[in-house]
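Single-structure report; data block below.
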Amino acid sequence: MNIFRFLGDLSHLVSIWLLLHKMTTSKSCTGISFKTQALYALVFATRYLDLLYGSWHSMYNVAMKIFFIGSSLYILYLIKVPFKPTRDPAIDTFKLEYLVGGALIMSLIANYEYSFPEILWSFSIWLEAVAILPQLFIIQRTGEAENITTHYVAALGAYRGLYIPNWLYRYFAEGFFDPIAVIAGIIQTVIYLDFFYIYFTKVLKGQKFELP
Amino acid sequence: STMSADHDEL
């Protein structure tokens, strides 16, 4: 564990807290992509259910995995049950087939071993890299976003962004190098760059997140 | 066998 990875994980926790805060205080999921949330639930299920076959690294690791699986299911429940009337499916139209299909193909090409657990792990990594796209698509379509929603997306982007200095640190300090995680992680971070540009130039200067 | 990282990251 190093400071970058710890801050990244912390940022991930903050993002989930922001999302839950937005939904429970406004009693709505307006502007939130159910599709992105469903993809994250799938990402966590395919990566973290390695708990079931004994992949226990530390209490920290196990507790985080359980939290991410549990909170993602709870978020899906909130969107689908109590806040269902506030969701507009007509703007959440990104085609999931392409993302899931692409991640599946990548997991068969790029994995560390042709075994079920390793392919599942690789699938979850590639799927996570693109899971935010339906959410960014909603923001692009509507041309704006509530500030709290942009803080959520920013915290999520910071999470994977912070993993990059973590990988640099681990490469030099520990000789650890995980090329699949690194390449997918860089792709994931690049996907956020456009968003971050507007977030830093507008939202953090007190303006509303609006596309030109 | 495997060059797999230990997958100790989240």
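Pairs A:Lys35/A:Lys208; A:Lys35/A:Lys84; A:Lys27/A:Lys65; A:Lys35/A:Lys80; A:Lys27/A:Lys84: which exceed 19 Å Cα-Cα? Correct reply: A:Lys35/A:Lys208; A:Lys27/A:Lys65. Normalised by residue count, segment A:77-144 yields a Cα convex hull volume of 103 Å³ per residue. Note on A:Lys80 and A:Lys208: their simple-model spin labels are 3.3 nm apart, each label 7 Å out from Cα toward Cβ. Residue ranges A:198-207, A:178-187 sort as A:178-187, A:198-207 when ordered by packing (mean number of other C-beta atoms within 10 Å per residue, highest first). What are the ³J(HN,Hα) values, in whole Hz, obtained from phi via the Karplus relation 6.51 cos²θ - 1.76 cosθ + 1.60 with θ = phi - 60°, for each residue of segment A:160-175 in sequence order, with x given for Gly and Pro? Values per residue, Gly and Pro as x: 6, x, 5, 5, 5, x, 4, 5, 4, 4, 5, 5, 7, 8, 10, x Hz. Amide H contacts of A:Ile32 (H built 1.01 Å from N, in plane; Pro and chain starts excluded): no residue 5 or more places away or on another chain comes under 5 Å. For segment A:1-57, a/c is not less than 1.5, where a ≥ b ≥ c are the root eigenvalues of the C-alpha gyration tensor, and a/b does not top b/c. That puts it in the oblate class. What is segment A:64-116 by shape, rounded, prolate or oblate, if you read a ≥ b ≥ c off the alpha carbon gyration tensor as root eigenvalues and call it rounded for a/c under 1.5, prolate for a/b larger than b/c, and oblate otherwise? Oblate is the answer for segment A:64-116, as a/c is 1.5 or above yet b/c matches or exceeds a/b. Assuming a ≥ b ≥ c are the square roots of the Cα gyration tensor eigenvalues, decide whether segment A:79-212 counts as rounded (a/c under 1.5), prolate (otherwise, with a/b larger than b/c) or oblate. Cα axes put segment A:79-212 in the oblate bin.
Rounded to the nearest whole Hz, the Karplus-based 3J(HN,Hα) values (6.51 cos²θ - 1.76 cosθ + 1.60, θ = phi - 60°) of segment A:92-104 follow the sequence 9, 10, 4, 7, 5, 3, 5, 5, 5, x, x, 5, 5, with x at glycine and proline. Here's how it looks for A:Glu144: its modeled amide H is under 5 Å from those of A:Leu211, which are all 5 or more places away or on a different chain. Computed with the Debye formula from one identical point scatterer per Cα of segment A:1-125, without solvent, the log10 of I(q)/I(0) at q = 0.14, 0.16 Å⁻¹ comes to -0.73, -0.93. Using R0 = 25 Å, the C-beta based FRET efficiency linking A:Tyr114 and A:Ile186 works out to 0.55. Can you compute the label reach from A:Arg141? Point 7 Å from Cα along the Cβ direction, backbone N cut-off under 17 Å, restricted to segment A:17-36. The answer is A:29-36. Extension gain, A:Phe200 to A:Leu51: 0.36 nm times the residue separation minus the Cα-Cα distance gives 49.9 nm. Extending 7 Å from the Cα toward the beta-carbon at both A:Phe67 and A:Leu13 defines two label points whose distance is 0.3 nm. Mean projected area of the convex hull spanned by the Cα atoms of segment A:133-190, taken over all viewing directions: 4.3 nm².
Laboratory data are not the source of any read-out in this text; all were calculated from the coordinates shown. Because the structure is predicted, anything quoted here is derived from the model rather than measured. For neighbour counting, all protein chains shown are included, and Cβ atoms are generated from backbone atoms with ideal geometry for every residue, glycine included.
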